[in-house]
Amino acid sequence: MKVLIIIPTYNEVENIQILIKSILNVSKDLSILVIDDNSPDNTYQTVKNISEMTSNVYVIKRNSKQGLASAYLCGFNWGIQKGYDIFCEMDADLSHNPEYLKEMIEKIKTYDVVIGSRNVKGGKTKGWSLFRNVISKFGSLYSRFILGFPPIYDLTGGYNMWTINALNKININSINAKGYLFQIEMKYKAFKNGCKIIEIPITFIDRKYGKSKMDLNIFMEAFIKIWKLRKNFN
C-alpha cells in the first residue's frame, strides 16, 4: 500500500521542515509531495534541499499562487500517475498532527475515506479565537443543512485520507470548487457515490508560525456557491 501525503504550501518556510521530519518519524515508508505556489520566503528551496537527500520527498513548484484546491488536484493526479494507492491531504502549518496518520492508515484499509474530524466526539480545536470557532462550526452546520444533512460532521476540515477507489468514484477532474468549498465538494461527492466514510477525532491546533490563508471572503464564497453543489445532485 503506497501512501502519498500531499502538502500545499505558500510561505511556510518556518513550518515545512518540522512537518516533513514529523511525518517521516511516523513511518519512513510514507511519501511526501509538497506543492509550492512560488513562495517568496524560500519554502520551495527548503523542500528541494530535503528532497535531494530524501528519496521519498518530492516537490513541485508552480509559477503563481493558484490556491489550495488546484494544488490538491495537482497532487492527486501526480500520485495517480506514479501508482499510489492512498492519498492524504495535510496542512503545512503544523495544525494537523502527523501522529494521527497511524490511525488513519489503519482505518483506510476498510474505508474509502478517513476524515480527521474536529466535530465528532473527542475532536476539538486549540488556539482559535471565538470568532474563528463560530465561523468553522457554522460552516459545517450550514453545509450539512444545505446538502440535506449527509452523515459527515466535519465537511470543511482539511485532514483527509482517500483511496484511489474513492478518487475514481468522485472523478476528481470534475471538481469545480475553489478554496473553502473544495473540501465540502470532495466529501459530498464521495458520500453521494457510495464511498465508505469514517471520521476519527483529532485536535486541530492553530498555527504558531506564519500567517493563515483563511479569510472571511473565502468563507462567504463557499456560503453562496454551495447552493450550486446541491443543485447539481438534485
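The values are calculated or read from the model by the stated rules, or taken from the named source; none is laboratory data. All values derive from a computational prediction rather than experimental measurement. Ideal geometry is used to build each Cβ from the backbone, glycine not excepted, and the neighbour counts take in all protein chains shown.
Taking the stated definitions as given, is S22 free of Cβ contacts under 8 Å to residues at least 12 places away in the same chain, of a type in the set (S, T, N, Q) and surrounded by fewer than 21 Cβ atoms within 10 Å (Cβ to Cβ)? No: the conditions fail for S22.
Answer with yes or no whether S136 is out of contact with any Pro (no Cβ under 9 Å at 6 or more places or on another chain), surrounded by 20 or more Cβ atoms within 10 Å (Cβ to Cβ), closer than 25 Å to K225 by Cβ and polar (S, T, N, Q). Don't jump to the end; show me each part of the working.
Working: out of contact with any Pro (no Cβ under 9 Å at 6 or more places or on another chain): yes; surrounded by 20 or more Cβ atoms within 10 Å (Cβ to Cβ): yes; closer than 25 Å to K225 by Cβ: yes; polar (S, T, N, Q): yes.
Against the criterion (out of contact with any Pro (no Cβ under 9 Å at 6 or more places or on another chain), surrounded by 20 or more Cβ atoms within 10 Å (Cβ to Cβ), closer than 25 Å to K225 by Cβ and polar (S, T, N, Q)), S136 qualifies.
Within region 97-118, how many residues are part of a loop (DSSP other than H, G, I, E, B) and within 24 Å of K169 (Cβ to Cβ)? The number of residues fulfilling the criteria is 5. Counting the residues of region 105-119 that are closer than 12 Å to I86 by Cα and under 13 Å from the mean Cα position of the chain (by Cα) gives 2.
Screening D93 against (1) under 19 Å from the mean Cα position of the chain (by Cα); (2) outside any loop (DSSP other than H, G, I, E, B) leaves a single unmet condition, (2). Y44 versus (1) closer than 15 Å to L101 by Cβ; (2) outside any loop (DSSP other than H, G, I, E, B); (3) of a type outside the set (G, A, S): which is the lone unmet condition? Of the numbered conditions (1) closer than 15 Å to L101 by Cβ; (2) outside any loop (DSSP other than H, G, I, E, B); (3) of a type outside the set (G, A, S), the odd one out for Y44 is (1). Determine whether region 42-55 contains at least one residue that is surrounded by fewer than 23 Cβ atoms within 10 Å (Cβ to Cβ), touching a helix residue (DSSP H, G or I) at 6+ places or on another chain (Cβ under 9 Å), touching a residue at least 24 places away in the same chain (Cβ under 8 Å) and under 27 Å from T156 (Cβ atoms). So far as region 42-55 goes, no, none of its residues is surrounded by fewer than 23 Cβ atoms within 10 Å (Cβ to Cβ), touching a helix residue (DSSP H, G or I) at 6+ places or on another chain (Cβ under 9 Å), touching a residue at least 24 places away in the same chain (Cβ under 8 Å) and under 27 Å from T156 (Cβ atoms).
Could you look through region 140-174, keep only residues that are assigned to a helix (DSSP H, G or I) and under 16 Å from the mean Cα position of the chain (by Cα), and pick out the one that is farthest from E199 (Cα to Cα)? Per the stated criteria, the residue is I172.
Criterion applied to A190, A177 was being modelled with pLDDT of 95 or more and not in a strand (DSSP E or B), and the one residue passing it is A190. List the pairs whose first member sits in region 100-115 and is closer than 19 Å to Q183 by Cα, whose second member is part of a strand (DSSP E or B) and acidic (D, E), and whose Cβ atoms are under 6 Å apart, counting only residues at least 6 apart or on separate chains? Close Cβ pairs (under 6 Å, with a partner that is part of a strand (DSSP E or B) and acidic (D, E)) amount to I115/E199.
Taking the criterion of being crowded, with 20+ Cβ neighbours inside 10 Å and out of contact with any Ser or Thr (no Cβ under 8 Å at 6 or more places or on another chain), the residues of region 1-19 that qualify are I6, I7, P8, N15, L19.
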